[in-house]
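One structure is given below, encoded as structure tokens.
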Amino acid sequence: MPELPEVETIARDLRRLLVGRHVRNVAISGKPLRMCRPVDGGELERAAKGARVEQVTRRAKYLILRMSSEYVLLVHLGMSGRLAVEPAASPRPRHTHVSLSLDREEELRFVDPRRFGSFLAYPASALEDSDELSVLGPDPLDASFTASALLASLRATHGCDIKAFLLDQRRVAGIGNIYASEALFLAGIHPRARANRLGAARAARLHEAIQKVLAAAIANRGTSFRDYVDAAGERGDNQRQLQVFQRTGQPCPVCGNRLKRLTQQGRSTFYCPRCQR
Ligand SMILES: [Zn+2]
């Protein structure tokens, strides 16, 4: 599932490929996507048809395309979604649910085999209050995400473990299973540690670790295990740099002890029982 670094990589690609381009037409599959919601074709037409892409940004795991129509397109890639700019003459891949025809005979295509993604249009003035963005906590790459803000947020929890905290998009937005495991390893914190008992020194270490693992993953253009590809259809390189994720039984890169896996909230966490306390 794409997390913050993968979505950031796509946002940077799309900024280069899309800003200033005109959308001539809009086509949708009509199939239901995330939360069983089909794309609203009428709203999408109002937002995009005849409009120019003015800006491409990211918030947590959402891509935001600001249009000259005063609308925004808000895209979530879900489990298997991808966005790519392709020649209009090339056959549309299976599971293309949204296609925006652009100038210069190209199309922006949203392809999502598993249909957990979403492709929404909002008036720009309604974006911050949308169901999707209004619930999100701070983006870990935003200046507002400081070590002391993290500590305050940790202290406001009641009994949840630190892994669950990191995956909760209302607390910190954009981290998923891969980077939660990696950040906890780098910070030397056990995934079952109680979030509200971490203390200032460990919160500061975790804050630094989160920023480091995300920055490294962005520099490597994201982690590709199964589906993730960037806007040019290329896989990322970061899977080679991961220290613990999906490395159960392999030696810890720091102490040599065997790495372990445990299940939390139905998701696997990978960790070193010696380095992480
Ligand atoms: Zn170790």
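The values are calculated or read from the model by the stated rules, or taken from the named source; none is laboratory data. Note that the structure is predicted; figures quoted are calculated from it, not measured. All Cβ positions, even for glycine, are placed from backbone atoms using ideal geometry, and neighbour counts span all protein chains on display. Just so you know, the surface numbers come from the protein's heavy atoms only, side chains and all, with ligands and any DNA or RNA stripped out. Shrake-Rupley method; radii C 1.70, N 1.55, O 1.52, S 1.80 Å.
Of the listed peptides 8-19, 230-241, what is their order by residue-averaged count of other C-beta atoms within 10 Å, with the highest listed first?
8-19, 230-241
Ordering S153, S144, S125 by how much accessible area each has at a 1.4 Å probe, largest first, what is the list?
In descending accessible area the options line up as S125, S144, S153.
Say R0 is 30 Å: what FRET efficiency, to the nearest 0.05, do Q246 and R274 get from their beta-carbon distance?
0.95
Would you check the accessible area of I28, probe 1.4 Å, heavy atoms only, in square angstrom rounded to 10?
70
Sorting T263, T146, T157 by accessible area (1.4 Å probe), largest first, what list results?
T263, T146, T157
Please label the shape of the stretch 1-90 as rounded, prolate or oblate, based on the square roots a ≥ b ≥ c of the eigenvalues of the alpha-carbon gyration tensor (a/c under 1.5 means rounded; beyond that, a/b larger than b/c means prolate, else oblate).
rounded
Would you check the accessible area of Y122, probe 1.4 Å, heavy atoms only, in square angstrom rounded to 10?
Roll a 1.4 Å probe over it and Y122 shows about 40 Å².
Please state, as a whole number in µm²/s, the translational diffusion coefficient that the Stokes-Einstein equation yields for the stretch 179-260 at 37 °C and 0.692 mPa s, with Rh defined as the Kirkwood radius across alpha carbon pairs.
236
For the chain, what % of the accessible area comes from carbon and sulfur atoms, probe 1.4 Å?
48
Whenever you get a sec, line up F270, F116 from highest to lowest accessible area (probe 1.4 Å, protein heavy atoms).
F116, F270
Suppose all protein chains stay in the model; what accessible area per residue would a 1.4 Å probe give for the chain, in Å²?
I get 46 Å² per residue for the chain.
Among rounded, prolate and oblate, which fits the stretch 123-277 when a ≥ b ≥ c are the square roots of the eigenvalues of its C-alpha gyration tensor, a/c under 1.5 means rounded, and a/b larger than b/c means prolate?
Cα axes put the stretch 123-277 in the oblate bin.
If you find the alpha carbon centre of the stretch 40-109 and of the stretch 209-237, how far apart are they in angstrom?
About 21 Å separates the Cα centre of the stretch 40-109 from the one of the stretch 209-237.
Using only the Cα atoms of the stretch 35-85, build the gyration tensor, take square roots of its eigenvalues as a ≥ b ≥ c, and label the shape rounded, prolate or oblate: rounded if a/c is under 1.5, else prolate if a/b is larger than b/c, else oblate.
It is oblate, given that a/c is not under 1.5 and a/b is not larger than b/c.
Determine the equivalent ellipsoid of the stretch 50-172 by diagonalising the alpha-carbon gyration tensor, then write out the semi-axes as square roots of 5 times the eigenvalues, largest first, rounded to whole Å.
Values for the stretch 50-172, descending: 33, 17, 11 Å.
Could you go through the stretch 258-273 in sequence order and give the Karplus-derived ³J(HN,Hα) for each residue, using 6.51 cos²θ - 1.76 cosθ + 1.60 with θ = phi - 60°, rounded to whole Hz, and x for Gly and Pro?
6, 6, 10, 10, 9, 10, 10, 6, x, 10, 6, 10, 10, 7, 9, x
Run the 1.4 Å probe and let me know the accessible area of E208, rounded to the nearest 10 Å².
Only protein atoms counted, so the area is about 100 Å².
With only alpha-carbon atoms in the gyration tensor, what are the semi-axes of the equivalent ellipsoid for the chain, in Å, largest first?
Values for the chain, descending: 36, 20, 15 Å.
Given labels modelled 7 Å from the Cα in the Cβ direction, how far is it in nm from A152 to N257?
Result for the modelled spin labels: 3.5 nm.
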